[in-house]
Amino acid sequence: MRKTYDVEGMTCGGCANTLRNAVMAEIPQASVTVDLSAAKVTVEPADDGAVQRAVEAAGFTYQGVAEG
């Protein structure tokens, strides 16, 4: 299942790469897409706990599953 999460604190492409790498370290088989302008990360297959751990380990603020 694919889910999109809100992330606070990304300011540049480097931040997006850091987040992508952190999520892939937690969920190696995942497809990860980071949308810097929308401050979102989409992960498939999704694992809420693993995504939260990755976001926080990368130094960003996990804001939960995105609405809509």
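Observations
- Restricting the range 1-15 to residues that are outside any loop (DSSP other than H, G, I, E, B) and not small (Gly, Ala, Ser), the residue that is surrounded by the most Cβ atoms within 10 Å (Cβ to Cβ): Val7
- Test: residue in the range 16-27 that is surrounded by fewer than 18 Cβ atoms within 10 Å (Cβ to Cβ), without any contact (Cβ under 8 Å) to a residue 40 or more places away in the chain and either over 16 Å from Ala57 (Cβ atoms) or basic (Lys, Arg) (or both): no
Yes/no matrix, rows are residues, columns are (1) at pLDDT below 95; (2) at negative phi; (3) polar (S, T, N, Q):
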| site | (1), (2), (3) |
| --- | --- |
| Gly14 | no, yes, no |
| Leu19 | no, yes, no |
| Ala22 | no, yes, no |
| Val34 | no, yes, no |
| Ala38 | no, yes, no |
| Asp47 | no, yes, no |
| Gln52 | no, yes, yes |
| Thr61 | no, yes, yes |
| Glu67 | yes, yes, no |
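- Every residue from the range 53-67 that is surrounded by fewer than 16 Cβ atoms within 10 Å (Cβ to Cβ) and in a helix (DSSP H, G or I): Glu56, Ala57
- Scanning the range 35-52 for residues that are surrounded by 15 or more Cβ atoms within 10 Å (Cβ to Cβ), in contact with a strand residue (DSSP E or B) (Cβ under 7 Å, 6 or more places away or on another chain) and not basic (Lys, Arg) returns Ala39, Val41, Thr42, Val43, Ala46, Val51, Gln52.
The values are calculated or read from the model by the stated rules, or taken from the named source; none is laboratory data. Quick caveat: nothing in here was measured; it's all calculated off a predicted structure. Every residue, glycine among them, receives a Cβ derived from its backbone with ideal geometry; neighbour counts consider all protein chains shown.
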